[in-house]
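Structure first, commentary second.
We did not get these values from a lab; they are worked out from the coordinates using the rules stated. Note that this is a predicted model, so its numbers are computed, not measured. As a convention, Cβ positions derive from the backbone with ideal geometry for all residues, glycine included, and neighbour counts pool all protein chains shown.
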Amino acid sequence: MPTNTRKRHSPHQGPEPALVVSKAVVRAAAITGLNHASLARVLGLSPPTVTRLHAGDYVLSPTGKPYELALLLIRLFRGLDALMNGEELSVQSWMRAPNLALGDVPMTMITTVPGLVETVAYVDSARARV
């Protein structure tokens, strides 16, 4: 009798987390209004690497800082999306408008690690009040 040589897959096996995060950060950047150069500054990557990320030719490594920064940017997007009821233009306007509580324009702030962390914390606290 022939033996079964097919590989068995776990029913819980899903897409690779690094691929999911890579795609999610590209989507979050687009919806928040970040262009390639801005996303490169936020993630600490070169503009050509971000272009490859957008094209699907580059996947963030789960052990690197860009991956951690991507998670923060996704968290910021998710918070804003919830606060703005999915209104993309409202999210983009919020990102570009001076914020008195933060003391700067969020789009400018998120290009540094401390600014990204502070902006995420601010949005998280605003969500907690809702």
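When the chain is treated as a Gaussian network with alpha carbon springs shorter than 10 Å, the biggest mean-square fluctuation among Gly44, Gly33, Gly86 belongs to Gly86.
Among the trypsin sites (Lys or Arg not before Pro) within region 54-130, not one is in coil by DSSP while having at most 12 neighbouring Cβ atoms inside 10 Å. Normalised by the number of residues in the chain, what is the relative contact order in percent for Cα pairs under 8 Å and 6+ residues apart? It comes to 24 percent, rounded to a whole number.
For the chain, a crude dipole built from +1 on the beta carbon of Lys and Arg and -1 on the beta carbon of Asp and Glu, taken about the Cα centre, is about 500 debye to the nearest 20. Per-residue ellipticity at 222 nm, computed for the chain from helices alone with -39500 (n - 2.57) per DSSP H run of at least four residues, works out to -19500 deg cm²/dmol.
Annotation for region 46-130: chymotrypsin sites (Phe, Trp or Tyr not before Pro) lying in DSSP loop with at most 10 further Cβ atoms inside 10 Å of their Cβ do not exist. Relative to the longest principal axis of the Cα atoms of the chain, the long axis of helix 113-129 lies at roughly 80 degrees. First select every other residue whose beta carbon is under 14 angstrom from the beta carbon of Leu45; then total the charges, Lys and Arg +1, Asp and Glu -1. For residues surrounding Leu45, the net value is +1.
Note on Ile31 and Ser93: the model spin-label points, each 7 Å out from Cα along the C-beta direction, lie 1.8 nm apart. Values (i) 1.08; (ii) 1.27; (iii) 1.20 are given for comparison; Cα Rg over 2.2 N^0.38 Å, derived from the coordinates here, is the one labelled (ii).
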